[in-house]
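Q: Okay, handing you the structure first.
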Amino acid sequence: MLILTCPYCGVKAEETELSPGGEAHLKRVGPGGTAEEFEAYLFARKNIKGVHFERWRHAYGCGKWFLAARDTHTMQVYGTYKAQTAHATDEIVANARQARAEWVPDWPQGSEAVVG
């Protein structure tokens, strides 16, 4: 059974108390986007075996959306964080790297990060 800790209310909830929301950190396409970009937004997903970031809603608790990092192969949870966060925390990245040394985040890290 998958157990995730809600970062808002702190409750450790079983997956039966949560509602899945799909892949996290998707970039929405605005009115100026092409048909191909909109199609990719609707249907293209990474669907990887390994480190994956997902949206979850604490449906039978505080009702808030949050994000979780977990391994789709082993079901190991690396951590959860608030939905307004742009990327996983350094602690979650370290947890994932400890379990899967070959994994590299697909967003800018440290000095590569763009601020503003």
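Values in this text are rule-based calculations from the coordinates and carry no lab data. Since we're looking at a predicted model, the values are computed, not measured. Heads up, the Cβs are rebuilt from the backbone with ideal geometry, glycines too, and the neighbour counts pull from every protein chain shown.
Q: Just to be sure I understand: with springs between alpha-carbon atoms less than 10 Å apart, which residue in Val29, Val93, Val51 has the highest mean-square fluctuation in the Gaussian network model of the chain?
A: Val29
Q: Right, here's the next one. Please say if the chain is rounded, prolate or oblate, where rounded means a/c under 1.5 for a ≥ b ≥ c the square roots of the C-alpha gyration tensor eigenvalues, and otherwise the choice is prolate for a/b larger than b/c and oblate otherwise?
A: Values: a/c = 1.57, a/b = 1.21, b/c = 1.30.
Judged from the Cα gyration tensor, the chain comes out oblate (a/c at least 1.5, b/c at or above a/b).
Q: So if R0 is 30 Å, what FRET efficiency would Gln84 and Glu36 give, r being the distance between their Cβ atoms, rounded to the nearest 0.05?
A: Working: r = 29 Å, r/R0 = 0.96.
Efficiency, rounded to the nearest 0.05: 0.55.
Q: Arrange Phe53, Phe38, Phe66, Phe43 by Cβ neighbour counts within 10 Å, fewest through most, would you?
A: Details: Phe53 21, Phe38 14, Phe66 25, Phe43 7.
So the residues, fewest neighbours to most, are Phe43, Phe38, Phe53, Phe66.
Q: Right, something else. Take Met1 and Met75, extend 7 Å from each Cα along the Cα→Cβ direction, and tell me the distance between the two endpoints in nm.
A: Placing both labels 7 Å beyond Cα along the Cβ direction yields 1.1 nm.
Q: Right, here's the next one. Once amide H atoms are placed 1.01 Å from N in the peptide plane, what residues at a sequence separation of 5 or more from Gly61, or on another chain, have their amide H within under 5 Å of its amide H?
A: The answer is none.
Q: While we're on this one: In whole Hz, with x marking every Gly and Pro, tabulate ³J(HN,Hα) for segment 73-84 from phi via Karplus 6.51 cos²θ - 1.76 cosθ + 1.60, θ = phi - 60°.
A: Residue by residue, segment 73-84 yields 8, 9, 6, 5, 9, 8, x, 10, 7, 5, 5, 7 Hz.
Q: Okay, moving on. Give me His87, His58 sorted ascending by neighbouring Cβ count inside 10 Å, so fewest comes first. Working shown, then result.
A: Details: His87 19, His58 22.
Placing the least packed residue first, the sequence is His87, His58.
Q: Given the options Gly21, Gly79, Gly32, state which has the largest fluctuation in a GNM of the chain using a 10 Å cut-off (strictly under) for Cα springs.
A: Result for the chain, Cα springs under 10 Å: Gly32 fluctuates most.
Q: Something else: Per 0.36 nm of contour for each residue apart, how much would the distance between Lys27 and Lys64 grow if the chain were fully extended, relative to their Cα-Cα spacing?
A: On the way: separation 37, 0.36 × 37 = 13.32 nm, distance 2.02 nm.
Working it through step by step, the gained length comes to 11.3 nm.
Q: Expressed as a whole number of Å, what is the distance separating the alpha-carbon centroids of segment 9-38 and segment 90-104?
A: 22 Å
Q: Quick check: net charge around Gly33, other residues with Cβ under 15 Å of its Cβ, Lys/Arg +1 and Asp/Glu -1?
A: Working: positive: Lys27, Arg28; negative: Glu36, Glu37, Glu39.
That works out to -1.
Q: Let me ask something else. Given the -39500 (n - 2.57) contribution per DSSP H run of 4+ residues, what per-residue ellipticity at 222 nm results for the chain, rounded to the nearest 500 deg cm²/dmol? Mind showing how you got there, number by number?
A: Details: 2 runs with 19 residues, N = 116.
The helix contribution divided over the chain gives -4500 deg cm²/dmol.
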